[in-house]
Structures are given as C-alpha cells and as structure tokens.
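Everything below concerns the one structure shown next.
The values are calculated or read from the model by the stated rules, or taken from the named source; none is laboratory data. Everything numeric here is computed off the predicted structure, so don't read it as measured data. Positions of Cβ are generated from backbone atoms using ideal geometry, with glycine treated the same way; all protein chains shown enter the neighbour counts.
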Amino acid sequence: MRFYEEPAKKIPVREFDVVIAGGGTAGVVAAIAAARQGARTALIESKGYTGGIVVEGGTALHSFFNLWKAFPGVEKRQVVKGIPQEIIDRLIERGGSTGHVEMVTYYDYDSVCTAIDTEIYKLVTHEMLAEAGVHIFLNTMLVGAIMEDDTIRGVITESRAGREAFYGKAFVDCTGYGDLSAYAGAEYTEPNDHAVANAIGVGGVDVDRYHEFCKDQNLAQVAIGTRSGEPGKLVRVGFERGNFPEDIQKEVDRIGMSFITTTLHDDYFMFIKLNYKMPVSPTNRDEVVKAELELRQRMEAAIKVIRKIPGCEKAFMARTSPSLAIRRGRCIVCDYDITLSDILDGVHFEDDIMSYGFHDCAPRLKVKDGGTYGIPYRALRVKGIHNLLVAGMLITSDWDAHMSTRNTVCCFGQGQAAGTAAALCATKSVGTRELEYSDLREALLDAGVYLEN
Ligand SMILES: Cc1cc2nc3c(=O)[nH]c(=O)nc-3n(C[C@H](O)[C@H](O)[C@H](O)COP(=O)(O)OP(=O)(O)OC[C@H]3O[C@@H](n4cnc5c(N)ncnc54)[C@H](O)[C@@H]3O)c2cc1C
C-alpha cells in the first residue's frame, strides 16, 4: 500500500462542557439529560436525524416494565421512567406511539408492547434536544480524539463545515460502535457474535388479514392498541416460525427474515427484519459494502415472500434503514462488566443508576421472580480514561448478558445516567471516578428516574 502524508493544519475549536458522541438511542437521552443539568452540551451525530437503531432496527421498545405477566401474583411496575417516558408521552401526543399496551399472547417474553412511528420519533427527539438547549451537530462524523495522557481534551469531527475540534470537560460515547472510546485508546473487544440487519417498513398491506394468516402459523404475537386513530386494533402481530411450504421456508431461512412487526397504521408494517451474519466485525468498511448489497437483495426477496401472504399481495418497500443496523460493534472495557447471573438473580448495586427487567431470550432467560436488576454507574465508566462514559449496546461483554443490556429501553436509561453524570463531572471539574455517587443519585431521582434499591 502507498501512503500520503497529510500536512498539519489549524482547525477551529469549539468549547463545550459535555460532548456526546452519537445521537441514537442512548445519545439523545444523554444529551437532553446533560443539557438539563445546565451543561453546555454538544451532540455529534453522523446521520441527518436522531434516533439511531430505535428508528432503523427493531420492533417494540423493550421494556419499560417488569415481566409481571409471566409471574402470577407479581405486581406490575414501570421500571424505566424519566426522559424515556417523556419521549413516549410526546410521541403519544403526536400520534407517534401506542404507549405501553399489554401483550395479549406471548407475555412470558415481554408483558408490554411499546410501538413507535419511526418518522415521528426522529422529529420529536430533535425537538426535545433543541428545547433542552443542546447544540446539535447532525451530518457530522467524529473521526478522532485529542488526548492529554488519560484525559480526553477534545474530539475531531468532519462535516461540510470542514474539520473541527470540539473541546470538552466530560465525554459520553453513545456511537454504538464505540468509535470515541477506540480513538481515545480504550481497551475493547470485537466479538462479532451477532447478525447485522436491515429493517424495512412495508406499505400496501392489510394488517388484519395478515393477522388471520399469522393465526395459522406456530405462535402469534398480539398486542391491541390504537392504530390509524382507532383504539382496539392490532398493533403488534407476527410469529416466530411459520408453517410455510418448504420452498418458501427455505427462502425465509436464507434471508434471515422475521415475521414479527409493530404498526400504528392500517396498511403498514413498521419493521420487517432481515438478518445477515457477517464473516468479520462490522467495523470493517470493505466487508460492510458487501453486507449492504447482500441486505438490499434480501429486502427485495423479503417483499416477494410477503406478497404471497393474503392481504399483502400489493406490499412494497416504503422505508429502509439508511445503512447496516448492528447489534454489537466494539465492546468497551469498563470498570464493571455486568454478568448473566447479575441479571437473572436480579442483583442491585450500591451505585445503581437504573433498574431493568427485560431479557431478549425470555422465556428461556428471565430475571428472577419478575423483578429487576440494576445497572451500576461503574459499568458506564471506561476503564483507564479519566473523563469518558459510555451508554448503549457497547457495554457488557457476555453474549447472554448483552441480550438484556443492549435493548432500547435499557440504552435509554443508561443514556440518562451517563449524560447526567457527565454534566455533574463537568460542573464540579472532576473525573468520572471522583464523582460522588450520592450526587448522581440525587440528580437522577430529581429528574424522575426510578430506582429499585
Ligand atoms: C435489527 C435490530 C433489531 C432490534 N430489535 C429490538 C427490539 O425489537 N426491541 C429492543 O428493545 N431492542 C432491539 N434492538 C436492540 C436495540 O435497538 C439497540 O441495541 C439499541 O437501539 C442501540 O442503541 P445505541 O444507542 O447503543 O446505538 P444507536 O441507536 O445505533 O446509536 C448510535 C448513534 O451513533 C451514531 N454514530 C456512530 N458512529 C458515529 C461517529 N463516528 N460519529 C458520529 N455519530 C456516530 C449513529 O449514527 C447512531 O445514531 C434491535 C437491534 C437491531 C440491530
């Protein structure tokens, strides 16, 4: 390979208290939380909208509640509140969420379905960031870190405004990929142990007729809520594995297609997922190009399968993820790594920043007695770096444990804690390890965060 040596150049510096990298699931909440603490907060997001994998990947937001329905006699508790709940309230006002409706079937997986409209989510979160006074930098890619020993002095970005430096006192990496942590020299692994995915929004379908079809398949997931403005309608529907003729089943398996969806509209599936297991980690740019093509071909194949289903003969692709959706890129080494037994045993810590009760492998893996476990503050502190926190899919190395902590609502809660902690660190001019937990706890409780210990 040949090399070109770039000449050094002066770039403009912007000064902030807190810099949040990535305006996705966790980053939106982190930035709102930091700004509400009075910190001058910058949010750096490479795409032209906020929301990340919430609007690109999944189906229902798992889960604001404990798994009470799977444990008869256990009390129903909303275990994630604060800013995440405010987002849902705003969405409901704008017709962009079902709110938390109970699952009618399959409730030993999740007791509740919280479905969202992806496009309204982008709008509402952008508005909330602006109202909180966050300085929002969209279409801006974070490409480097400026280090002074173990302290991040600033980050470097590229955008149509050119190359810039954002100085800050405290930083939060919410990039999902762990880009900022890697640039800062943090320890990490790249397990490449999940399929990547793309999700399509499918228009021109009849949700009720699709449900009739699902009833004849192996296991139908059902939740009832408001759809196209009318209450009492199906808003979650689908099945794990169908009774298709062999040739169709073979195609479904080949393209890694899921039949579970949510919807807020009579003629639209908000998400149909296609999975693909890459041979290497999705941080490999050149392999990602091949995966993007493979997934686009799978999307076309998925529409052909959907059109064979009664009520879906005229289905078409109405929305696609703008780029590959990942379940895990880098896994960043933090001061504590949450284990599967912490989760299943419902362990709480002396530095809990949130409670959480959902596991994506339920009913096989469930938190004991329909309860919750805690995410400790130390699980968000990046090992070896003085002023860097993380939030989102990039914590938790164990696959089975990650299948809980990576879920959207857990990422939201981590985001609120990380943003709040970063703001307190900046205001008090302390590193993340010098912040008194009691100060963080008080600020979280004041902001409506629910803690179970
Ligand atoms: C296909 C799929 C289906 C899923 N289904 C569900 C489900 O049904 N329910 C559920 O609860 N969870 C689901 N999950 C899990 C959950 O959606 C994710 O784990 C979670 O949303 C991750 O949040 P995050 O904040 O870590 O990352 P993201 O939401 O991806 O946010 C990262 C943000 O950082 C930005 N970014 C990245 N690098 C840079 C950079 N260098 N500079 C600037 N910006 C950058 C990205 O553009 C993005 O906006 C699913 C995940 C996938 C992939």
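So which strands (runs of 3 or more DSSP E) stay within the range 37-125 end to end and still have 3 or more residues that are away from the ligand (no atom under 14 Å from the Cβ) and surrounded by fewer than 21 Cβ atoms within 10 Å (Cβ to Cβ)? First the steps, then the outcome.
On the way: elements: 41-44, 97-102, 112-116.
Here the list reads 97-102.
Scanning the range 238-289 for residues that are part of a loop (DSSP other than H, G, I, E, B), under 22 Å from G58 (Cα atoms) and among the polar types (S, T, N, Q) yields S258, T263, S281, T283.
Among A197, A223, A186, which is the only one that is part of a strand (DSSP E or B), within 16 Å of the ligand (Cβ to nearest atom), closer than 30 Å to C334 by Cα and modelled with pLDDT of 95 or more? Working first, answer last.
Values: A223 fails: closer than 30 Å to C334 by Cα; A186 fails: part of a strand (DSSP E or B).
Result of the check over A197, A223, A186: A197.
Any residue in the range 267-283 that is among the charged types (D, E, K, R), surrounded by 19 or more Cβ atoms within 10 Å (Cβ to Cβ) and either more than 21 Å from the chain's Cα centre (by Cα) or within 16 Å of the ligand (Cβ to nearest atom) (or both)?
As a first pass, look at the range 267-283 and keep what is among the charged types (D, E, K, R): 267, 273, 277.
The next check asks that each one be surrounded by 19 or more Cβ atoms within 10 Å (Cβ to Cβ); those that pass are 273.
So of that shortlist, the ones also either more than 21 Å from the chain's Cα centre (by Cα) or within 16 Å of the ligand (Cβ to nearest atom) (or both) come out as 273.
Yes, the conditions are met somewhere in the range 267-283.
Kindly evaluate G448 against the criterion of being in a loop (DSSP other than H, G, I, E, B), of a type in the set (G, A, S) and farther than 22 Å from D337 by Cβ. Let's see the steps before the verdict.
On the way: in a loop (DSSP other than H, G, I, E, B): yes; of a type in the set (G, A, S): yes; farther than 22 Å from D337 by Cβ: yes.
Taking the combined requirement at face value, the residue satisfies it.
Yes/no matrix, rows are residues, columns are (1) within 26 Å of I116 (Cβ to Cβ); (2) outside the structural domain of V237 (by TED's automatic domain parsing):
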site: P282; (1), (2): yes, no
site: E287; (1), (2): no, no
site: E294; (1), (2): no, no
site: Q297; (1), (2): no, no
site: A302; (1), (2): yes, no
site: C312; (1), (2): yes, no
site: V333; (1), (2): no, yes
site: I343; (1), (2): yes, yes
site: I353; (1), (2): yes, yes
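Take L394 and tell me if it is in contact (Cβ under 8 Å) with a residue 24 or more places away in the chain, within 23 Å of V54 (Cβ to Cβ) and crowded, with 20+ Cβ neighbours inside 10 Å. Can you show your working first?
Working: in contact (Cβ under 8 Å) with a residue 24 or more places away in the chain: yes; within 23 Å of V54 (Cβ to Cβ): yes; crowded, with 20+ Cβ neighbours inside 10 Å: yes.
Against the criterion (in contact (Cβ under 8 Å) with a residue 24 or more places away in the chain, within 23 Å of V54 (Cβ to Cβ) and crowded, with 20+ Cβ neighbours inside 10 Å), L394 qualifies.
N198: under 22 Å from the mean Cα position of the chain (by Cα), polar (S, T, N, Q) and at positive phi, yes or no?
Values: under 22 Å from the mean Cα position of the chain (by Cα): yes; polar (S, T, N, Q): yes; at positive phi: no.
Against the criterion (under 22 Å from the mean Cα position of the chain (by Cα), polar (S, T, N, Q) and at positive phi), N198 does not qualify.
In this entry, G329 is excluded by the filter for residues that are surrounded by 17 or more Cβ atoms within 10 Å (Cβ to Cβ) and away from the ligand (no atom under 14 Å from the Cβ). Summed over the range 322-355, the residues that are more than 13 Å from Y373 (Cβ to Cβ) and hydrophobic (A, V, I, L, M, F, W, C) give a count of 7.
Return the total of residues in the range 12-36 being within 12 Å of the ligand (Cβ to nearest atom) and outside any loop (DSSP other than H, G, I, E, B). Give the derivation first.
Keep residues of the range 12-36 that are within 12 Å of the ligand (Cβ to nearest atom), which gives 19-31.
Next cut, outside any loop (DSSP other than H, G, I, E, B) only: 19-21, 25-31.
Qualifying residue count for the region: 10.
Could you check the range 200-219 and list, in sequence order, the residues that are outside any helix (DSSP H, G or I) and either touching a Ser or Thr at 6+ places or on another chain (Cβ under 6 Å) or among the charged types (D, E, K, R) (or both)? Correct list: I200, D206, D216.
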